[in-house]
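Novice: Take this structure first; my questions come after.
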Amino acid sequence: MSGAVESVAGIRAAFVVEAVDHDRRNWVWRVRLGPARLRLHHEVCTHTRGSTTGLTMNGPRLALLAYAPCALLALRRLVRP
């Protein structure tokens, strides 16, 4: 799948989903905003009290630092205590 994601601030970035493993509940996608390219590996894991989530990010340091707070907010909304 491919498309575009848009931030609350109206910034649009193109994305391509590289892989999805429904059984393991993880997925990998690439996001491109201008010259910056990120590769993101997400996972949702079963926990004794519900679920936990994880994210591994690869890309230019400045882009990762800019994206990390947005990702943390999104992940916290995805999995709540």
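Novice: Under the definition of Cα pairs under 8 Å and six or more residues apart, what whole-number percent is the relative contact order of the chain? Don't skip to the answer; put the middle values down first.
Specialist: Values: 121 pairs, mean separation 14.0, N = 81.
Relative CO of the chain lands at 17 percent.
Novice: With N denoting the number of residues in the stretch 1-63, provide Rg(C-alpha) divided by 2.2 N^0.38 Å, to two decimal places.
Specialist: Values: Rg = 13.4 Å, N = 63, 2.2 N^0.38 = 10.6 Å.
Cα Rg divided by the expected 2.2 N^0.38 Å: 1.27.
Novice: Turning to a different aspect of this structure: Treat every Asp and Glu Cβ in the stretch 1-72 as -1 and every Lys and Arg Cβ as +1, leave all other atoms uncharged, and give the resulting dipole magnitude about the Cα centre to the nearest 20 debye. Present the calculation step by step, with values, prior to reporting the outcome.
Specialist: Values: 9 positive and 5 negative charges, 40 e Å.
That gives a dipole near 200 debye.
Novice: Could you work out the longest stretch of the chain that avoids the trypsin sites (Lys or Arg not before Pro) located in DSSP loops with at most 14 other Cβ atoms within 10 Å?
Specialist: Working: sites that count: ARG24, ARG25, ARG49.
Segment 50-81 is the longest.
Novice: Next up: Measure nothing fancy, just the Cα-based angle from helix 61-78's long axis to the longest principal axis of the chain, in degrees from 0 to 90, nearest 10.
Specialist: That helix lies at roughly 40 degrees to the long axis.
FYI, it's all coordinate maths here, none of it is from the lab. Values in this document were obtained by computation on a predicted structure and should not be read as measured data. Cβ coordinates were reconstructed from backbone atoms using ideal geometry, including for glycine residues, and neighbour counts include every protein chain displayed.
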